[in-house]
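Below is one structure, written out as structure tokens, with a few remarks after it.
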Amino acid sequence: MKLYITAPSPFARKCRIVAREKGLMDRIHEVAIDPYASPEELTAVNPIAQAPALLTDGGLSLADSQLICEWLDAHGTGPRLLPPEGPERWRIRRVETLASGALEMGVKRVLELRRPESERSPSWLARWTTNMARALDALEAAALVPEPLDMGVITAGCAVTWIGFRHPDFDWKTGRPGLVALQTALEARASFQQTMPV
């Protein structure tokens, strides 16, 4: 299998962590790629030229981190990170969606800040920053714990580390001791240590 990634991407990191936690790294070749160059190898797997993207041994092309992670979860070993049904699935999926939302706001903020200063929108930057903070507050209120590991916890861990990495001007830690403790515990795991954003 080929997993197309960019090293700084929190969405790619999530897939890389799940692959490691599910014992699939002996079957996966990670391919670092520049999605902004729209290389043909990537667009053949994901027509919109975004990473992560997964090409399975059977030739199935999957894009979007949630879809890729669910496929990896179903095909790897060990406990499921996302139950196939029931109330716990929806609790975990809710956390996963909140953390993904925080990341999406952070990505929009990064892209806006890359524009020339004269073209930036202060109102949009303020909105995305506020939304990112609210999503983190909701994650704090969810009282997440590192064990048992699940898809929501992994996504939340990826989110806070990436936000700190990409937005050093944004204080995500103050008032969120639960998320700080979660990050500390998760970043001690081998799967997290092996996939730190650079």
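The values are calculated or read from the model by the stated rules, or taken from the named source; none is laboratory data. Keep in mind that this is a model prediction, so the values were computed, not measured. Don't worry about glycine lacking a Cβ; one is built from the backbone with ideal geometry, like all the others, and counts go over all protein chains shown.
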Restricted to region 148-180 and to residues being in contact with a helix residue (DSSP H, G or I) (Cβ under 8 Å, 6 or more places away or on another chain) and not in a helix (DSSP H, G or I), the residue surrounded by the fewest Cβ atoms within 10 Å (Cβ to Cβ) is Gly175
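Can you confirm whether region 16-39 contains a residue that is among the polar types (S, T, N, Q) and under 24 Å from Pro79 (Cα atoms)? Outline the logic, then answer.
Pass one, region 16-39, residues among the polar types (S, T, N, Q): 38.
Filter again for under 24 Å from Pro79 (Cα atoms), leaving none.
No: zero hits.
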Output the qualifying pairs, or none if there are none: Cβ atoms under 8 angstrom, residues six or more apart or on different chains, first residue in region 20-32 and among the basic types (Lys, Arg), second residue surrounded by fewer than 17 Cβ atoms within 10 Å (Cβ to Cβ) and not in a loop (DSSP other than H, G, I, E, B).
Arg20/Ala190; Lys22/His75
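Please determine whether any residue of region 137-144 is within 26 Å of Glu70 (Cβ to Cβ) and touching a His at 6+ places or on another chain (Cβ under 9 Å).
no
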From the option list Ala32, Ala63, Ala37, single residue qualifying as surrounded by fewer than 19 Cβ atoms within 10 Å (Cβ to Cβ) and over 19 Å from the mean Cα position of the chain (by Cα) is Ala37
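Based on what the data block shows, is Ala51 crowded, with 19+ Cβ neighbours inside 10 Å and of a type in the set (Gly, Ala, Ser)?
On the way: crowded, with 19+ Cβ neighbours inside 10 Å: yes; of a type in the set (Gly, Ala, Ser): yes.
In short, yes.
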From Leu42, Leu54, which residue is without any contact (Cβ under 8 Å) to a residue 60 or more places away in the chain and under 24 Å from Ile92 (Cα atoms)?
Leu54
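Quick grid of which residues meet (1) on the phi < 0 side of the Ramachandran plot; (2) without any contact (Cβ under 8 Å) to a residue 12 or more places away in the chain; (3) out of contact with any Phe, Trp or Tyr (no Cβ under 9 Å at 6 or more places or on another chain); (4) charged (D, E, K, R):
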residue: Ala7; (1), (2), (3), (4): yes, no, yes, no
residue: Pro10; (1), (2), (3), (4): yes, no, no, no
residue: Cys15; (1), (2), (3), (4): yes, no, yes, no
residue: Val18; (1), (2), (3), (4): yes, no, yes, no
residue: Gly76; (1), (2), (3), (4): yes, no, yes, no
residue: Pro87; (1), (2), (3), (4): yes, yes, yes, no
Yes/no for Ile92 being touching a residue at least 60 places away in the same chain (Cβ under 8 Å) and not assigned by TED's automatic domain parsing to the domain that holds Asn131
no
Please specify each residue of region 108-147 satisfying the condition of being within 22 Å of Pro197 (Cα to Cα), in a helix (DSSP H, G or I) and not hydrophobic (A, V, I, L, M, F, W, C).
Lys108, Arg109, Glu112, Arg114, Thr129
Considering each of Ala99, Ala141 in turn, give the residue that is out of contact with any helix residue (DSSP H, G or I) (no Cβ under 7 Å at 6 or more places or on another chain) and aliphatic (A, V, I, L, M).
Ala141
The residue that is farthest from Ala190 (Cα to Cα), considering only those in region 125-138 that are without any contact (Cβ under 8 Å) to a residue 24 or more places away in the chain and touching a helix residue (DSSP H, G or I) at 6+ places or on another chain (Cβ under 6 Å), is Leu125
Given the structure, is Arg109 surrounded by 13 or more Cβ atoms within 10 Å (Cβ to Cβ), under 22 Å from Arg13 (Cα atoms) and either touching a Ser or Thr at 6+ places or on another chain (Cβ under 7 Å) or among the hydroxyl-bearing types (Ser, Thr, Tyr) (or both)?
yes
